[in-house]
Amino acid sequence: MNAPLIWIGLPIALAIILSLISRPRLSARVGGILALALAALAWLVPIDDVLSIGAISIKITSVFQFLGRQLVLGASSRSILIVFYGLSGLWFLGAHAAGVSRRLVPAGMAITALLVGALAVKPFLYAALFIETAVLLSAPILIPPRQPAGRGVIRFVAYQTLAMPFILFAGWLLAGVETSPSDLILAKQSAALLGLGFAFLLAIFPLSTWMPMLAEDAPPYIFGFLQWILPTTSLIFGLGFIDRYAWLRQSDLLPQVLRMAGFLMLVTGGLWAAFEKRLERILAYTSITETGCALLALSLGADKTQIVFLLFIPRSFGLAVWTLGLSIVKDQVKSLDFAAIQGLARRYPLASGAILVAQFSASGVPLLAGFPPRYALWDALAQISPNMAFWFGLGLLGLFLSAIRSLTALVISEKLTYWQLQEDWPQRILLGIGIVVLFLLGLLPQMIYPLLNTFPLMFEHLGG
Amino acid sequence: MTAFLAWLALALLTITSAGIILSRNWRWTLALLAILYVGVFISVRFYWPPGMAAVKLITGWMATTILGMTQLGIASHPEPVEETLPQGFPFRLLMTALIGVAVTAAAPSLSGLIPGIGLVESAASLLLIGLGLLYLGITSQPLQATIGLLVALAGFEILYAAVEGSILVAGLLAVVNLGLALTGAYILLAGESRQNA
């Protein structure tokens, strides 16, 4: 038995089988249960240790040789496997309620497997190729059925593709820097290429123009899934670079660059969200600010990487709840413009409530899932400089204002409409659970700490 | 002989990539793209064994075929019309010439940076990257954007072949090229399916 075969090869095979299931409800259930089973397996079964069940002894080895290179999923990767497959399973279970199960589930399973492959491949810089393959696989599911592809999809593919050459070439230059650390010019060149590659990959301002365009074109639930899993993988990949190269880790310039990019994304995303009038574009701007927060957390140094990991799970739940609500609402109106959605909360209170709770969570409102990581980050930034705390607060204020404006638009109505629940039962159950989880993660953030504490084990020098 | 082949490849890549930028007919563009991959094969052949270098040629031709078959299957082929971007023939010719000048200036630095890569190959690689990005920059049409990305990637692949000879990388880059062509084809057909509906 081999870990990369179980958590990379098997899900790709399962994705092919899932694509043959024609019933959407069955596809969502089977895909969700299989992904959760893979997460449970990662939780229960040790890697590189003998597991004895009665007379049977099983040992799952961590290394798989593949075309002259290695895929390695050791014991330290178990938390990643649990988070990736566990959360993907939950996304798949909600896919039918969002009306996208046949598109999302098979491709989503393959994308998750490829992104796990990206984190498993050695040398790790080849991850760029796996991420690119996942991006190419995700492009077709972003185009709604029987509709032409919008500019957002084309730009998404182009920008993500351009990231790969920069990162691969920077990786080669970084190896040169390792052998001759005194060569400052080479170090600067490699850092510039690496920065450009990650700017494309993480849609760092101003390379984030495709995000609002894509949010308008694509089915919201699929957009949300990709906005969770792609940046999360890219951030872990980026952490790999910081962990691997001591000169990068010890550089004085890196925190400054990360901070500048993070603040640009947080403040511009927050302010644009505050003035935006379309719900799906607000989602895109919020997603930009989430990445900005992650970059700010990265800028705090190797001993504060826990905050980066703390952002991952609330981001996934927030996006899932938000985009599920948005998918339900989008089916009922011609556009998601504030003028078109007026009074919708009276007919779809749970879907509207889910959108609003997720928005407030992203803006760091206390008692919600987004609050604990944002509070930790805000506190750490304030200790460095009050100015930074001000800009952070300004970004979050923009998001909060956009949530208030969305609330007003969804609730206000010129016509007298009585409150009613028009969501179907599966939608009500999923939205209800989602909202409760967002509150639970805000009230009891320690629930996810055991999982997060094991994340830094993936790295040698990060995590304190 | 090696120097002759290197210059031949550069000439081939210059003519085909410039032709792709200047041509407005998709059939010519795809024919030039197919020939471009012959130049890529010759350039990569200096660093990789023939079998591995042939992967680039075959993948490139497969990608071209995918795009060509898709384009043939589409009922109407309107000429790309874009109001916001400058893209007349003189503009494209001027930009191509400018990139040529920039490549001539930058190629010696690049060949100095990467040990083992020749001046001609670095020029070929930079030219493809520059013209691919230019093509990508002046269009938002799916076919042209896909071709632009393929050309830019081909340029990068020449450069990367000089420093990396891994079979896994060759295989994954082939997957990326084919994936790009398939994605481009899907995007082209997605627009078409509504017209037919």
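At-a-glance table
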read-out: B:Ile15 surrounded by 19 or more Cβ atoms within 10 Å (Cβ to Cβ) and part of a helix (DSSP H, G or I); value: no
read-out: Within region A:25-80, strands (runs of 3 or more DSSP E) holding 1 or more residues that are in contact with a Gly (Cβ under 7 Å, 6 or more places away or on another chain) and hydrophobic (A, V, I, L, M, F, W, C); value: A:69-72
read-out: Selection within region B:158-184 - more than 15 Å from A:Glu132 (Cα to Cα) and within 9 Å of chain A (Cβ to nearest Cβ); value: B:Leu159, B:Tyr160, B:Val163, B:Glu164, B:Ser166, B:Ile167
read-out: Residue among A:Ile282, A:Ile236, A:Ile229 that alone is under 29 Å from A:Ala409 (Cβ atoms), in the same structural domain as A:Leu207 (by TED's automatic domain parsing) and aliphatic (A, V, I, L, M); value: A:Ile282
read-out: Tabulated pairs, region B:127-143, first more than 9 Å from every other protein chain (Cβ to nearest Cβ), second at pLDDT below 95 and not in a helix (DSSP H, G or I), C-beta under 6 angstrom, 6+ apart or interchain; value: B:Ile138/B:Leu85; B:Ile138/B:Gln87
read-out: Matching option when the condition is at the interface with chain B (Cβ under 10 Å from one of its Cβ atoms) and outside any loop (DSSP other than H, G, I, E, B), among A:Ala118, A:Ala158, A:Ala113; value: A:Ala158
read-out: Qualifying residue in region A:124-138 (condition: facing chain B (nearest Cβ under 7 Å) and of a type in the set (Phe, Trp, Tyr)); value: yes
read-out: Qualifying residue in region A:170-190 (condition: under 30 Å from A:Phe317 (Cβ atoms) and either in contact with a Lys or Arg (Cβ under 8 Å, 6 or more places away or on another chain) or within 10 Å of another protein chain (Cβ to nearest Cβ) (or both)); value: no
read-out: Condition check for B:Thr146: more than 9 Å from every other protein chain (Cβ to nearest Cβ) and of a type in the set (S, T, N, Q); value: no
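Conditions tested, residue by residue: (1) in a helix (DSSP H, G or I); (2) without any contact (Cβ under 8 Å) to a residue 40 or more places away in the chain; (3) among the aliphatic types (A, V, I, L, M); (4) surrounded by fewer than 24 Cβ atoms within 10 Å (Cβ to Cβ).
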site: A:Leu248; (1), (2), (3), (4): yes, no, yes, yes
site: A:Leu254; (1), (2), (3), (4): yes, no, yes, yes
site: A:Arg259; (1), (2), (3), (4): yes, no, no, yes
site: A:Leu266; (1), (2), (3), (4): yes, no, yes, no
site: A:Ala274; (1), (2), (3), (4): yes, no, yes, yes
site: A:Thr289; (1), (2), (3), (4): yes, no, no, no
site: A:Thr305; (1), (2), (3), (4): yes, no, no, yes
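The values are calculated or read from the model by the stated rules, or taken from the named source; none is laboratory data. Model, not experiment: these values are computed from the prediction. Note that each Cβ is placed from the backbone with ideal geometry, even for glycine, and that neighbours are counted across all protein chains shown.
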